[in-house]
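A.B. asks: Dropping the structure in here first, questions after.
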Amino acid sequence: MDPKKISIKISGMSCASCAINNEKELLKKKGILNANVNFATKKATASYDADVLSREDVKKIIRDNGYQIVEHETHGAKHEMTKTGDEHKHGNGDIRKNWLAFLGSAVLSAPLLSGMFFKIETGVLIMKIDLIMWLYLFFATAVVFWFGWRFHRMAFMQAKKMRANMDTLISLGTLAAYFYSLWAIFSARVGYLESAALIVTLILLGKYFEAKSTGQAGEAMRKLMELGVKKAWLSINGEEKEVNIYEIRVGDIIIVRPGEKIPLDGIVVEGESSIDESMLTGESLPVEKKKFSSVFGATLNQDGVLKIKVLHIGGDTVLAQIIMTVEEAQGSKAPIQKLADKISGIFVPSIILIALLTFSGWFLFSHNFAAAMINAVAVLVIACPCALGLATPTAIMAGTGRGSRSGILFKTGESFERTKDITTVVFDKTGTLTKGKPEAQKIISNPEHKFTEDKILKIAASLAKNSDHPLSKAIIKYVEGENIKLAGLEKIKEIRGKGIVANCVEHKTALLLGNTKLLEENDLETDWARVILGDDKLGTGTRLFVAHGHQVIGAIVVADEIRDESKKVIGELKDMGLEITMISGDNQKTAEAVAQELGIEKVLAEVLPPQKSAEIKKLQERGEKIIFVGDGINDAPSLVQADLGIAMGSATDIAKEAGQIILVQNNLEKVVEAIKISRLTFKTIKQNLFWAFAYNVIAIPLAASGFLSPIIAAAAMSMSSVSVVANSLRIYRKENFQ
């Protein structure tokens, strides 16, 4: 099997039923592994087996179902920005297309509307019908069959497959009103041409507002797309040449002057400057960059000339990955959407049945064919599956957009729903509650053995240079600039969560750097080590013990400074009614000291990396719903195990992949903001679904009872969808979540 993924922009979907029908058609096809069609974004995403289907085969499924595909022109490395740029243009095209359609329909419908209030006759009769009525008939025909053709075409396409959607309701309603009026005109009766025309006009107006509103919901996405740079200055043999961004390759040297945006991700090879990275992180303060500093595409160079070696292009850049993450989240479905999808799937057939019953009831009991027809038409046009279809995805679009504006990336729509049940937030200590950059602060010699501090440092640093652990790096940094020659080692072994052991090449002596567990495993005396662990005068730092042969010769105290914002964040989360737990590989005393300073009552200490996810599972088995906040590779299993994983901005790629929410900025306060955005988004989804259901529950019986004319029904139906989108936009427009 060769699994591939495709994203398809679909034109022609008018309601949630269209999205469901397309999704069903995709899933029916052999070779489609999974599929999701989002009505709000008008986009389908599908995974397929490339051994069975091609990209064109997948697109053909949509086309054969009666819908059009919006194609994108792409050019190699620039494909991500080009694709999203094309979609942005297409979105504006949809808004303009709907506006022009409404305008044309409104101009032709205006005389029909005036005819409802002022009876105008010319006295010129053609086939015993006044010329004015012939004009009205011409205008109504143009509106119903020209401007309303999109509805009839799609209704016909659906009917061929024995299905129905929103277009079916509109088409049936307008055609019923039109052909009844046509019969009435030639039978010298009162017709309802104005109803047929105004239904189309008002629905087109609704489509315009809907397109405009959903476009606003995707505003954050468009802003991200617009951040990309189109051209760059390429340095070739000391000369500068302006080239298109997609001509640049990995390894090229580009020059960025003050006031220019950095085109692509890379590393500074020459120059110093301040960079505004707020578009990525939400942090307004500029970041100082110098030689060997990493820089990212679309960030703004403020005050220095930089030479940058390009490391990532196209879809591999941070900006492209952020766009992809936001795009996937906006296209995903929250579990609550399943209810709306099920109802939308049976909604249209149910409405057609109700309309038939309405017609039959009125005709049987009142014997008034005109009243029966008009009330049945009102039922058809007032029903609105669109509001149901837009309720969840527009809220998710607004929520993910608001999050990305603040440097918070929600990877799936499910994240918003999971947050509502959370009872406990579990924080990893190192790199999350602390700055993750520990420093060696004290060197302690064991008085029982005659080893100097320099000798202890030499052994510790010789071992530490073979590890990427933050504590090892702190020791290496401590000896930088010192005139200490490191020992040659062999048989080096790093034991996760415990330390490092090796043999000295020169003296053939066993060396060790680690915690008391490592001392015990190597049958070393731990009495002195336990005294050092209990010495409060040494502070709350981690004690790393150094052994030479069978002797524990000393210890190094390494402390990790607590983040400035940690205490405030813990307090805010408690105010939100959440329990706080800290998990750490440190010894109990050190972990408890940090927890006490932060006001955390529950501490899980001396937990080895493989055991962290097991501890999360134990909490879940007690009925807790867990958010886990972490940043390292060893946090990945815990991020997956938790009900909701939040990966910090300094997170490694694997941790970011595991977390459902990514904090681009390395700021713990974003955890609180992410939870608040999630809760507001889910609250908005529930509000949208309630009003969408309530609208239909109230409006349909009113229309069936004869209390609403088709014209009022059409206006109400159009506005119901717009109101749902407008409610969702409140999330994006909310300024402060702190």
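The values are calculated or read from the model by the stated rules, or taken from the named source; none is laboratory data. Keep in mind the model is a prediction, meaning the values are calculated, not measured. Quick reminder, even Gly has a Cβ in these numbers, built from the backbone with ideal geometry, and neighbours come from all protein chains shown. All accessible areas refer to the heavy atoms of the entire protein, side chains included, with ligands and DNA or RNA removed. Shrake-Rupley method; radii C 1.70, N 1.55, O 1.52, S 1.80 Å.
A.B. asks: Which aspartates and glutamates have a Cα lying under 13 Å from the Cα of Lys43, excluding residues fewer than 8 positions away in the same chain?
C.D. replies: Glu23, Glu71, Glu87, Glu327, Glu328
A.B. asks: What percent does the relative contact order of the chain come to when contacts are Cα pairs within less than 8 Å and at least six residues apart?
C.D. replies: 14 percent
A.B. asks: How many percent of all Cα-Cα pairs in region 386-434 sit more than 15 Å apart?
C.D. replies: Counting pairs separated by more than 15 Å, the tail of P(r) holds 62 percent.
A.B. asks: Related question: Distance between the C-alpha centers of region 473-539 and region 379-452? Whole Å please.
C.D. replies: Centre-to-centre (Cα) distance: 35 Å.
A.B. asks: Take peptides 291-297, 551-557, 6-12 and line them up by average Cβ neighbours within 10 Å, highest first, as a rough protection proxy.
C.D. replies: 551-557, 6-12, 291-297
A.B. asks: Using 10 Å bins from zero, what percent of all Cα-Cα pairs in region 514-638 falls into each bin?
C.D. replies: P(r) over region 514-638, rounded to whole percents: 11, 36, 33, 16, 4, 0.
A.B. asks: Follow-up question, since we're still on this one. Of Ile675, Pro263, Ala699, which is farthest along the charge dipole of the chain in the positive direction, counting Lys and Arg as +1 and Asp and Glu as -1 at C-beta?
C.D. replies: Going by the Cα projections, it comes out as Ala699.
A.B. asks: Could I ask something else about it? Mind giving me the nanometre distance, one decimal, between the label points for Lys291 and Leu364, set 7 Å out from Cα along Cα→Cβ?
C.D. replies: Using points 7 Å along Cα→Cβ, the separation is 9.1 nm.
A.B. asks: Still on this structure: Over region 403-555, with the other protein chains present, what is the accessible area per residue in square angstrom, probe 1.4 angstrom?
C.D. replies: 49 Å²
A.B. asks: Now, a different point. Calculate, in nm to one decimal, what Lys683 and Ala726 gain on full extension: separation in residues at 0.36 nm each, minus their alpha carbon distance.
C.D. replies: That works out to 14.0 nm of additional length.
A.B. asks: Going Cα to Cα from Lys574, which aspartates and glutamates come in below 16 Å? Please leave out same-chain ones fewer than 8 positions away.
C.D. replies: Asp421, Glu565, Glu597, Glu601, Glu624, Glu669, Glu673
A.B. asks: From the cross-link list Lys60/Lys411; Lys435/Lys617; Lys207/Lys411; Lys291/Lys442; Lys5/Lys683; Lys420/Lys670, which pairs have alpha carbons spaced over 22 Å apart?
C.D. replies: Lys60/Lys411; Lys435/Lys617; Lys207/Lys411; Lys291/Lys442; Lys5/Lys683
A.B. asks: Please compute the contact order of region 448-505 in relative form: average sequence separation of alpha-carbon pairs under 8 Å and at least six residues apart, divided by the residue count, as a percent.
C.D. replies: 30 percent
A.B. asks: So, by mean Cβ neighbours within 10 angstrom, what's the order for 32-40, 151-159, 506-514 with the highest one leading?
C.D. replies: The packing order, highest mean first, is 32-40, 151-159, 506-514.
A.B. asks: Can you pull the semi-axes for region 1-74, root of five times each eigenvalue of the Cα gyration tensor, sorted largest first, whole Å?
C.D. replies: 19, 13, 10
A.B. asks: Dipole of the chain, Cα-centred, from +1 at each Lys and Arg C-beta and -1 at each Asp and Glu C-beta, to the nearest 20 debye?
C.D. replies: 2360 debye
A.B. asks: First measure r as the distance between the Cβ atoms of Leu100 and Glu239, then evaluate 1/(1 + (r/R0)^6) with R0 = 41 Å and state the FRET efficiency to the nearest 0.05.
C.D. replies: E(calc), rounded to 0.05, equals 0.25.
A.B. asks: How are the C-alpha pair distances of region 452-548 spread across 10 Å bins, as whole percents from the shortest bin up?
C.D. replies: 15, 49, 32, 3
A.B. asks: Percent of Cα-Cα pairs more than 14 Å apart in region 693-738, please.
C.D. replies: The answer is 60 percent, as a whole percent.
A.B. asks: Using only C-alpha atoms and all pairs of different ones, pull out the Kirkwood radius for region 380-502 in Å with one decimal.
C.D. replies: With all distinct Cα pairs of region 380-502 included, I get 19.9 Å.
A.B. asks: What accessible area per residue, rounded to a whole number of Å², is obtained for region 1-56 using a probe radius of 1.4 Å?
C.D. replies: That works out to 42 Å² for each residue.
A.B. asks: Using 1/(1 + (r/R0)^6) with R0 = 22 angstrom and r between the beta carbons of Val505 and Ser445, what's the FRET efficiency to the nearest 0.05?
C.D. replies: Plugging the Cβ-Cβ distance into 1/(1 + (r/R0)^6) gives 0.35.
A.B. asks: Taking the convex hull of the alpha carbon atoms in the chain, what volume per residue do you get, in Å³?
C.D. replies: So the per-residue Cα hull volume is 204 Å³.
A.B. asks: Got a sec? Charge dipole of the chain, +1 on Cβ for Lys and Arg, -1 for Asp and Glu; which of Val557, Asn22, Thr423 is way out at the positive end?
C.D. replies: Asn22
A.B. asks: Ok, one more. For labels at Ala110 and Ile476 in the simple 7 Å Cα→Cβ model, what's the distance in nm?
C.D. replies: 7.6 nm
A.B. asks: While we're here: Regarding region 587-642, what is the average projected area of its C-alpha convex hull, in nm²?
C.D. replies: Computing the convex hull of the Cα atoms and averaging its projections yields 4.0 nm².
A.B. asks: Something else: Leaving ligands, DNA and RNA out of it, report the carbon-plus-sulfur percent of the accessible area of the chain at a 1.4 Å probe.
C.D. replies: Result for the chain: 56 percent of the exposed heavy-atom area is carbon or sulfur.
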